[in-house]
2 protein chains.
Amino acid sequence: MPRATAATQSRSLTEDRESDLEGFVGYNLKRAYLVFSADFRRALGRHGFGPRQFSALSLIVQFPQITQSELARKLGIERSGLVAIVDELEGRGFVARMPVPGDRRVQALAATKDGRTAYLHAREVVRSHEETLLSDLTPDELDTLNGVLRKIRESEA
Amino acid sequence: MPRATAATQSRSLTEDRESDLEGFVGYNLKRAYLVFSADFRRALGRHGFGPRQFSALSLIVQFPQITQSELARKLGIERSGLVAIVDELEGRGFVARMPVPGDRRVQALAATKDGRTAYLHAREVVRSHEETLLSDLTPDELDTLNGVLRKIRESEA
DNA sequence: TATTGTTATACTCTATAACTATA
DNA sequence: TATAGTTATAGAGTATAACAATA
């Protein structure tokens, strides 16, 4: 059971202290996600990458010839939503849509040389941005965080 | 499942036990947040509460006579974005805007009796939804998660 | 019939800028 | 001048539904 201690009473009303809201994991998760999201944009915005472009390119680099449907599945979004992301990556010359022999419905995705180079650079920027944001965490806390986030995701039906 | 294709056209970019993407805390945070967000809606949608309405009402109940500017600050959103949220809560009879003697620019917010009742009920639904989502976590993991999320939020400038 | 990629559309959440009425 | 609340607007991000081409 969550703790709604009586200590709240003695706290000032004008300063941010414990509140019901702060006790909810979902709310804290959202706020932490927004911190990461905003900092990601600050760090990678000038490189022309939003979070979605980066995520998609990462998987395309790592899974050459992945189809759009499969990529959407891995990203947890709808196929329709992926079109604009791939359009943009293709427009920047980072990704190419390629026909697949044997099934003409499918478009396989492949990163170009430019795409791979841009990804490797962006990846280092992301690592640096995460390192800064997580610098207050102990290695144990970091391990637990990653494990817990994974557990939560895997609980998804 | 990591796809351990030993023979790839280009050299592997990673330790290839898992994808680059899964190694980024920001990405895992986002996916976990989306799991919570979707389940929140499933659990509270029929009660007429979205996450924002719930968060705002929670703080209004807990900080009676809070102003809109102060509430927006606590929620980490802009004043302008709060207007629609308060409009909706007011339209449902959960919240009242009240004039403040001495400064006619300010609207203080107060939960009605209905609002407090609705909040207390919704709070239990949220607790139940979180308990289910977090049932695979040990108490230690849960404590660490909460502490870490707080640390991340507090690192925000 | 089912699936892939696509378009059209709408909804949520949020931010920016400008307005009004106060201070 | 500055602040509180508000309006208008725009931009991500996502979902649903439908369509054409292909299986």
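Looking at the structure I just gave you, is A:Arg153 of a type in the set (Lys, Arg) and in a loop (DSSP other than H, G, I, E, B)?
no
Test of understanding: among A:Ala108, A:Ala38, which residue is in contact with a Ser or Thr (Cβ under 7 Å, 6 or more places away or on another chain) and either in contact (Cβ under 8 Å) with a residue 12 or more places away in the chain or in a helix (DSSP H, G or I) (or both)?
Going through A:Ala108, A:Ala38 in turn, the sole match is A:Ala108.
Identify all residues within the range A:81-105 that are of a type in the set (D, E, K, R), more than 9 Å from DNA strand C (Cβ to nearest atom) and assigned to a loop (DSSP other than H, G, I, E, B); write none if there are none.
A:Arg92, A:Arg104
Among the numbered criteria (1) in a helix (DSSP H, G or I); (2) within 14 Å of chain B (Cβ to nearest Cβ); (3) closer than 21 Å to B:Val35 by Cβ; (4) hydrophobic (A, V, I, L, M, F, W, C), which single criterion is violated by A:Ile77?
Exception for A:Ile77: condition (1).
For the range B:20-46, name all the residues that are basic (Lys, Arg) and more than 7 Å from every other protein chain (Cβ to nearest Cβ). First the steps, then the outcome.
The initial filter retains those residues of the range B:20-46 that are basic (Lys, Arg), namely B:30-31, B:41-42, B:46.
Correct list: B:Arg41, B:Arg42, B:Arg46.
Could you pull out the residue among A:Arg123, A:Arg153 that is facing chain B (nearest Cβ under 8 Å), modelled with pLDDT under 95 and under 15 Å from the mean Cα position of the chain (by Cα)?
Just a single option satisfies the conditions, and that option is A:Arg153.
Just give me the residues in the range A:131-150 being within 7 Å of chain B (Cβ to nearest Cβ) and without any contact (Cβ under 8 Å) to a residue 40 or more places away in the chain, in sequence order.
Result: A:Leu134, A:Asp136, A:Leu137, A:Glu141, A:Thr144, A:Leu145, A:Asn146, A:Val148, A:Leu149, A:Arg150.
Is there a residue being touching a Lys or Arg at 6+ places or on another chain (Cβ under 8 Å) and within 30 Å of A:Arg153 (Cβ to Cβ) anywhere in the range B:109-123?
no
The values are calculated or read from the model by the stated rules, or taken from the named source; none is laboratory data. These figures come from a predicted structure and were not determined experimentally. Every residue, glycine as well, gets a Cβ built from its backbone with ideal geometry; the counts of neighbours run over all protein chains shown.
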